[in-house]
Amino acid sequence: MKVLFVCLGNICRSPLAEGIFRSKTQALGLDWEIDSAGTAGYHVGESPHRLSQKTAKFYGIDISAQKCRQFIAEDMEFFDRIYTMDQDNFAEVKRISREKWNPAKTDLLLNSLYPGKNNSVPDPWYGEEPGYHEVFKLIEKACDKIIEEVKR
Ligand code: 4NP
């Protein structure tokens, strides 16, 4: 399985999702390919946000080696599942993918917890450290749900 997480900047939310999901699948001995990307290119080549790194480390996950990149249409072909953090990211992924767009592969991450609700993982970029912990816990819950379904 190849799984991609997408947010706007690929420095706050999707790098956390990548790190959390990788750590959980590795713990289960699953050799899955996990990655993340942003729909915007503002931070390409940068490490995850300082507070995303700090929060991940607090929960025992090291995301310091991850690097920001932008989503490309080819990602839609390469990955089996693509999870976006909010509806704007979803619309952008669709726009960037053009004729490669495949709705069967793509969903909002939180629809794994609350099917069809189209809830967003809030963007912690404009806020303080507690927001990153909230986002971590929310993403972790969604990842647990996805993995639970995979195991069944
Ligand atoms: P992310 O958060 O989409 O969770 O990575 C953001 C990061 C950077 C910006 C916006 C959101 N930005 O405007 O630079």
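Would you point out which residue out of LYS141, LYS117 is basic (Lys, Arg) and closer than 23 Å to GLN53 by Cα? Residue meeting the stated conditions: LYS141.
Restricting segment 117-128 to residues that are away from the ligand (no atom under 12 Å from the Cβ) and of a type in the set (S, T, N, Q), which is surrounded by the fewest Cβ atoms within 10 Å (Cβ to Cβ)?
We begin by selecting, within segment 117-128, every residue away from the ligand (no atom under 12 Å from the Cβ); these are 117-119, 128.
Checking which are of a type in the set (S, T, N, Q) leaves us with 118-119.
Details: ASN118: 13, ASN119: 16.
Restricting to residues being away from the ligand (no atom under 12 Å from the Cβ) and of a type in the set (S, T, N, Q), the top hit is ASN118.
For segment 17-116, the helices (runs of 4 or more DSSP H) that sit wholly inside it and include 3 or more residues that are within 13 Å of the ligand (Cβ to nearest atom) are 50-58, 87-97.
Any idea how many residues of segment 68-89 are free of Cβ contacts under 8 Å to residues at least 60 places away in the same chain and touching a strand residue (DSSP E or B) at 6+ places or on another chain (Cβ under 9 Å)? Step through it out loud before you land on a result.
Initially, segment 68-89 is screened for residues free of Cβ contacts under 8 Å to residues at least 60 places away in the same chain, giving 68-69, 72-74, 76-77, 87.
Right, trim to touching a strand residue (DSSP E or B) at 6+ places or on another chain (Cβ under 9 Å) and you get 68-69, 72, 76, 87.
Residues that pass the stated criteria total 5.
Of all residues assigned to segment 17-32, at least one qualifies as being among the acidic types (Asp, Glu) and surrounded by 18 or more Cβ atoms within 10 Å (Cβ to Cβ).
GLY131 meets each of the listed conditions (1) assigned to a helix (DSSP H, G or I); (2) away from the ligand (no atom under 14 Å from the Cβ); (3) farther than 26 Å from LEU28 by Cα apart from (2).
Where a number appears in this text, it was derived from the coordinates with a stated rule and is not lab data. Being a predicted model, the structure only gives us computed values, none of them experimental. All Cβ positions, glycine included, derive from the backbone under ideal geometry; neighbour counts span all protein chains shown.
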